[in-house]
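A.B. asks: Please read through the structure below; I'll follow up with questions.
The values are calculated or read from the model by the stated rules, or taken from the named source; none is laboratory data. Keep in mind the model is a prediction, meaning the values are calculated, not measured. Here Cβ is always computed from backbone atoms with ideal geometry, including for glycine, and neighbour counts include all displayed protein chains. Only protein heavy atoms, including side chains, enter the accessible area calculation; ligands, DNA and RNA are left aside. Shrake-Rupley method; radii C 1.70, N 1.55, O 1.52, S 1.80 Å.
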Amino acid sequence: MKIFISKILLASAFIVSISNFAISAEISDSASQSKANIAILGVGGTIAGQAQSAAQVVGYKAAALSVDDIVKTIPEISSIANISLCEQIAQIDSKDMTDFIWLTLAKRVNQLLSQDDIDGVVITHGTDTMEETAYFLNLTVKSDKPVILVGAMRPNSAISADGPRNLYNAVVVAGSKNSKGYGVMVLLNDRIFSARTVTKTNTILPSAFNSIDFGALGYVVENEPKFYNKPVRLHTVDSEFDISKIKILPKVDIVYSYAGTHSDEAVKAFVKFGAKGIIHAGTGDGSIHKSTMLSLIEAKRAGIAIVRSTRVAGGIVAKDKNYDDNFGFISADSLNPQKAKILLQLALTKYQAKDNKKIQELFEKY
Ligand code: SIN
């Protein structure tokens, strides 16, 4: 009799535990259905960096860990999003970024975001050219779903590495419904920036990224993006640039001005090596040293687009009739030289250097 009763108890405990299991499977199924599906693409950088000791933050190897390996070190990510895929697009120190990687990345992001089962994309990337990749994607991604570039200033192996927290926060932003329509964003140090205005302002600090003059879009606090600004310049779904069939971007180079400059030699060399456009990183509000002027005028006459930007970190280079009306140059508005280069590259996929008025309009819209 005793044996019979304990068998009944055992059987009912088994049934209860099976039904508990079914309930918890159902709960976890519906929890994972309510979480956003995020793709994480790896490009390398310090966020994937490894040093010989935990104290080392200089002279380490960037792009040492795969994106998969980095994500595995942050198990907490699985509680905020379903990571649908981790894919290595490149494995580089971002100083070595190329147009080819940009095109490959932009095409892959567009492919992924066209899928109903992907809600956002996070890109792990080196900080040195992150602002450039972000701006290129801002003009070439055809979706309003969130795309977040994330990096780190300290390698993954460092004491107090900033990468894991940054990546976690990037997934928070990518997975939030509130993040739609802001264009491509950059996230470091709990702050969210617009691709158009963000720039690297410090060589070592975790707070290296800033948006001079225009401020951050917002913060990430306790698993939530908090937005305070919205980009007004055209981007993503409103951008007219289509790279889907483009294999090579027009060659555009940057010439830097300084007291006692020999920049005219650089202009002539870039022309000789086939530049289709030149960005002049001028002094002040885009002014040009008198010794460089003739080489730029000749380059323009030879069919090369000339854009005046500035080496100054803030402010704008406004249209100036002395340069722009007289010689057909274009002013960069508030784009720094490296971002002006990207907009000119894309502009030259649609227009020729002689269409400087049309190209000028683009600099006022994007
Ligand atoms: C890089 O840009 O790939 C190296 C430096 C960094 O990520 O901070």
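A.B. asks: Under the classification rounded if a/c is under 1.5, otherwise prolate if a/b is larger than b/c and oblate if not, where does the range 252-365 fall, given a ≥ b ≥ c as square roots of the Cα gyration tensor eigenvalues?
C.D. replies: Rounded shape, in that the Cα axes give a/c under 1.5.
A.B. asks: What part of the accessible area of the range 36-238, given as a whole %, is carbon or sulfur when the probe is 1.4 angstrom? Don't skip to the answer; put the middle values down first.
C.D. replies: Details: 3950 of 8040 Å².
Whole-percent figure for carbon plus sulfur exposure: 49.
A.B. asks: Here's something else I'd like to know. Given a cut-off of under 8 Å on Cα pairs at least six residues apart, what relative contact order in percent is computed for the chain?
C.D. replies: Working: 775 pairs, mean separation 46.0, N = 366.
Once normalised by length, the contact order is 13 percent.
A.B. asks: Against the longest principal axis of the chain, how steep is helix 263-272, in degrees 0 to 90 to the nearest 10, with axes from Cα atoms?
C.D. replies: It is inclined by approximately 80 degrees.
A.B. asks: Name the long-range amide H neighbours of LEU149: under 5 Å, sequence gap of 5 or more, or other chain; modelled H, no Pro or chain starts.
C.D. replies: Result for LEU149 returns ILE123, MET185, VAL186, LEU187.
A.B. asks: Using only alpha carbon pairs under 8 Å that are at least six residues apart, calculate the relative contact order of the range 252-365 and give it in whole percent.
C.D. replies: 25
A.B. asks: What spacing in nm lies between the two simple spin-label points modelled at LYS290 and ASP320, each 7 Å away from Cα in the Cβ direction?
C.D. replies: 1.5
A.B. asks: Considering only protein heavy atoms, what per residue accessible area in square angstrom results for the range 252-365 with a 1.4 angstrom probe?
C.D. replies: 45
A.B. asks: Sticking with this structure for a sec: At a Förster distance of 41 Å, what's the computed FRET efficiency of GLN338 paired with GLN52, Cβ-Cβ distance as r, to 0.05?
C.D. replies: 0.80
A.B. asks: If packing is taken as the average number of other Cβ atoms within 10 Å across a peptide's residues, how do 253-259, 242-248 rank, most packed first?
C.D. replies: 253-259, 242-248
A.B. asks: Can I ask one more? Using per-residue counts of other Cβ atoms within 10 Å, averaged over each peptide, order 80-90, 181-191 from highest down.
C.D. replies: Highest-to-lowest ranking by the protection proxy: 181-191, 80-90.
A.B. asks: Which Cα, out of ASN189, SER331, ALA90, lies furthest along the positive dipole direction of the chain (beta carbon charges, K/R +1, D/E -1)?
C.D. replies: Of the options given, the answer is SER331.
A.B. asks: What residues have an amide H closer than 5 Å to that of GLY218, excluding those fewer than 5 places away on the same chain, when H is modeled at 1.01 Å from N in the peptide plane?
C.D. replies: The answer is ILE192, TYR228.
A.B. asks: Here's another thing I want to ask about it. Rounded if a/c is under 1.5, else prolate if a/b is larger than b/c, else oblate: which is the range 36-238, with a ≥ b ≥ c the root eigenvalues of its Cα gyration tensor? Walk me through the intermediate numbers first.
C.D. replies: Values: a/c = 1.36, a/b = 1.28, b/c = 1.07.
Rounded is the answer for the range 36-238, as its axis ratio a/c remains below 1.5.
A.B. asks: Right, next: By its C-alpha gyration tensor, with a ≥ b ≥ c as the square roots of the eigenvalues, how is the chain shaped: rounded for a/c under 1.5, else prolate for a/b larger than b/c, else oblate?
C.D. replies: prolate
A.B. asks: Here's a follow-up. As a check on your grasp of the helix formula, calculate [θ] at 222 nm for the chain: sum -39500 (n - 2.57) over DSSP H runs of n ≥ 4, divide by the residue count, round to the nearest 500.
C.D. replies: -10500 deg cm²/dmol, from helical runs alone.
A.B. asks: Pick from LYS95, LYS341, LYS107 the residue whose mean-square fluctuation is largest in a GNM of the chain, springs joining Cα atoms under 10 Å.
C.D. replies: Top of the fluctuation ranking is LYS95.
A.B. asks: For the range 36-238, what is the relative contact order in percent, using Cα pairs closer than 8 Å and at least 6 residues apart in sequence?
C.D. replies: 22
A.B. asks: Please compute the per residue accessible area over the range 36-238 with all protein chains in place, 1.4 Å probe, rounded to a whole number of Å².
C.D. replies: 40
A.B. asks: At 1.4 Å probe size, with the rest of the protein present, what percent of the exposed accessible area of the range 252-365 is carbon and sulfur atoms?
C.D. replies: Percent of accessible area from carbon and sulfur atoms in the range 252-365: 53.
A.B. asks: With a point put 7 Å past each Cα toward its Cβ, work out how far GLU364 is from SER207 in nm, to one decimal.
C.D. replies: According to this spin-label approximation, the distance is 3.8 nm.
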